[in-house]
Structures are given as C-alpha cells and as structure tokens.
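What follows is a short report on a single structure.
The values are calculated or read from the model by the stated rules, or taken from the named source; none is laboratory data. Remember, predicted model here, so these are calculated numbers, not experimental data. Cβ atoms come from the backbone with ideal geometry, glycine included; neighbour counts cover every protein chain shown. Quick note on the areas: whole protein, heavy atoms, side chains included, nothing else; ligands and nucleic acids left out. Shrake-Rupley method; radii C 1.70, N 1.55, O 1.52, S 1.80 Å.
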Amino acid sequence: MSAIAVIDFETTGISPDHGARATEVAIVLVEEGRVVDRFQSLMNAGVHIPAFITQLTGISNSMVAAAPDATAVMAQACRFVGDVPLVAHNAAFDRKFWVGELARQGLSAQQPFACTLLVSRRLYPQAPNHKLGSLVDYHHLPRTGAAHRALADAEMAAALLGRILQDLRVRYGVARPDHALLMALQCCTKPGVPALMAQYARA
C-alpha cells in the first residue's frame, strides 16, 4: 500500500472563511499500516486565540507568540506531505484549513482527502457514535496524549485508519486496501457497501 498522510489541525475557530486560523498542525505518515514519520508544530498566524479555545486545546496566546510563523510552518508541512494523499477525522474541517493556510502562501493543495469519520459510519454503524475518541475506545486503540492537541489526535486517527485497513483486509477480503477505496467508501451509501467491497475484493 502506498503512503498516506494523516493530518490534524488545532485552530482559533471553525472556519477560515470567518477569519479562523490554524494554531498547530500535525501530520503522521503511514506506510503499510505503520507510522514511519511525523511532523508537528505550533504556528503563529498573528491572531488572538479566544479563551474557550485555550480551555479546549491548552494552546495559549503566549505559546503561539513563541512559535514559528505560520508561513514557514505551512511551507514545511507542504514539503513533508508532498503528493501523498491525506486522511483526517472529520476531514471537511481539516481540509478547509489545509487549503486555506496554503493558499495564503500561494501554495496549491491538490491532495485528495479521505475521512475516517465518514468511512467509520459505513463500516461501524453499531458504534456508540463516530467521534474520534469514541471510536478509539470502541476499538480498544491506544490514546496517545491529550485530546485536542494536533499530534495526539493525528496519531489516534492513524491508529483508527490502521484498524479500518485491517478490517477491509480481514472482514471484506480486500487484499490491498488503498486511499482510493477510502474515498469510494466515504461517498457510498450504507446499503452499497457490500457491493463496493465485493468489487474491490475481486480486483
């Protein structure tokens, strides 16, 4: 299986369209189901972090004041990812910040994003809910640090991705599940999952 980059952002709000900026990014590079490299950095985007965000993430204004400039961090992150496809939990959120922060630097963001939240809804409808922490507990995966910090969340999402890929191989007979299958799964209706799996198992 080709490499996949699992990404997570911490931010000042929910949307860059409304002025929110990234305060931290982490990327975990996965090959053959194993973590082979990591990138993590706080970043200083020159914006104020609201108190409730600091309470949620533990990231304070003083921490980002001492952090590298967002321009430099995103340039590094872009080089780290290269052309590797991306995965995130609730990818719609992280993709907005990936695209938005890179656009500020004049950099393109062409990598396809797969979403472990959407894929988990298709594969694990019986889970109590599909929040990252709940799925980690449901599958008895390790918690790697404080929630709502980018590296801990990226590593937990990478562990969840590993479990998803394992289940695709063992339960559904897909010899080499890949990013394209994840993309297809997240767009598939739940009744269509068995047919999609059968198609990939025959390939």
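Probing with 1.4 Å while keeping every protein chain in the model, the per residue accessible area of the chain equals 47 Å². Mind checking the angle between helix 70-81 and the chain's longest principal axis? C-alpha axes, 0 to 90 degrees, to the nearest 10. The angle comes out near 20 degrees.
If I compute solvent accessible area with a 1.4 Å probe over the protein chains, what percent of it on the chain is carbon and sulfur? Carbon and sulfur: 54 percent of the exposed surface of the chain.
Taking 0.36 nm per residue of sequence separation and removing the Cα-Cα distance, the MET63/ALA147 pair yields an extension gain of 28.5 nm. With the highest mean first, a sort of the peptides 45-57, 85-97 on other beta-carbon atoms found within 10 angstrom per residue produces 85-97, 45-57. Helix 91-104 and the longest principal axis of the Cα set of the chain meet at an angle near 40°.
If you take all other residues with their beta carbon under 13 Å from the beta carbon of GLN40, and give Lys and Arg +1 and Asp and Glu -1, the sum is -4. Computed from backbone phi, the HN-Hα couplings of region 108-114 come to 7, 10, 9, 5, x, 10, 9 Hz, rounded to whole numbers (Karplus: 6.51 cos²θ - 1.76 cosθ + 1.60, θ = phi - 60°; Gly and Pro given as x). Across region 191-199, computed HN-Hα scalar couplings (Karplus, 6.51 cos²θ - 1.76 cosθ + 1.60, θ = phi - 60°) run x, x, 4, x, 5, 5, 5, 4, 5 Hz from first to last residue, x flagging Gly and Pro. Only DSSP H runs of four or more residues enter the estimate; each adds -39500 (n - 2.57), and after division by the residues of the chain the mean residue ellipticity at 222 nm equals -13500 deg cm²/dmol. Specify which labelled value, from [x] 17.0, 55; [y] 19.8, 66; [z] 23.6, 95, agrees with Rg and Dmax of the Cα atoms in Å derived from the coordinates of the model shown. Looking at Rg and Dmax of the Cα atoms in Å for this model, the match is [x]. Against the longest principal axis of the chain, how steep is helix 150-170, in degrees 0 to 90 to the nearest 10, with axes from Cα atoms? Around 10 degrees separate the two axes.
Couplings for region 181-186, taken from phi via the Karplus curve 6.51 cos²θ - 1.76 cosθ + 1.60 with θ = phi - 60°, read 5, 4, 4, 5, 4, 5 Hz in order; Gly and Pro are left as x. Counting Lys and Arg as +1 and Asp and Glu as -1, what is the net charge of the other residues whose Cβ lies under 13 Å from the Cβ of ALA146? Within the 13 Å Cβ shell, the charges total -3.
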